[in-house]
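Below you'll find the structure, written out as structure tokens, and then a few comments.
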Amino acid sequence: MVSDFTTVAQVQDIPPGTGRTVEIKGVWIAVFNIEGTFYAIDNACPHAGGPLGEGKLCGSVVECPWHGWKFNVVTGQRENNPNFEVPCCQVRVEGTHIQISLPPGLAAP
Ligand code: FES
């Protein structure tokens with residue numbers, strides 16, 4: 001299957017140590033910059049749907065702003081409980097464009 005990358009932001013829009021929420025094909029995705037490398041996960045926290053893209057990023061871990069569950073944004077796994085995880089997206093940078101490819105589980109039917 002050919003990957004389908006879409007530009008969601010510019011590199012300068014998301015400084016290192018921060019994240020933001022972007023919309024791609026009707027799906028909300030949380031994008032983070034960890035020391036210049038970008039990672040993207042499903043924005044919806046598996047606890048109760050909190051917006052992970054608005055969470056506080058500490059190293060490679062984001063804390064959900066609603067009830068504090070923590071997720072590794074590189075692996076998508078919940079800290080201390082890998083039974084919970086959020087889907088990860090492929091990310092690439094083309095020039096100044098941050099581009100994301102949705103995994104099949106998140107892509108619209
Ligand atoms: S919705 Fe994320 S911790 Fe509750």
Please list the three semi-axes, largest first and in whole Å, of the ellipsoid equivalent to the chain, using sqrt of 5 times the eigenvalues of its alpha carbon gyration tensor.
20, 16, 12
What order do you get for 45-52, 75-82 when each peptide is scored by the mean count of other beta carbon atoms within 10 Å, highest first?
45-52, 75-82
Enumerate the calculated ³J(HN,Hα) couplings along segment 67-78 in order (Karplus 6.51 cos²θ - 1.76 cosθ + 1.60, θ = phi - 60°), each rounded to whole Hz, writing x wherever the residue is Gly or Pro.
9, x, 4, 10, 10, 6, 6, 7, 9, x, 7, 6
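Every number here is computed from the coordinates shown, using simple stated rules; none is lab data. Bear in mind the structure is a predicted one, so any value in this text is a computation, not a measurement. Note: ideal-geometry Cβ built from the backbone for every residue, glycine included; neighbour counts use all protein chains shown.
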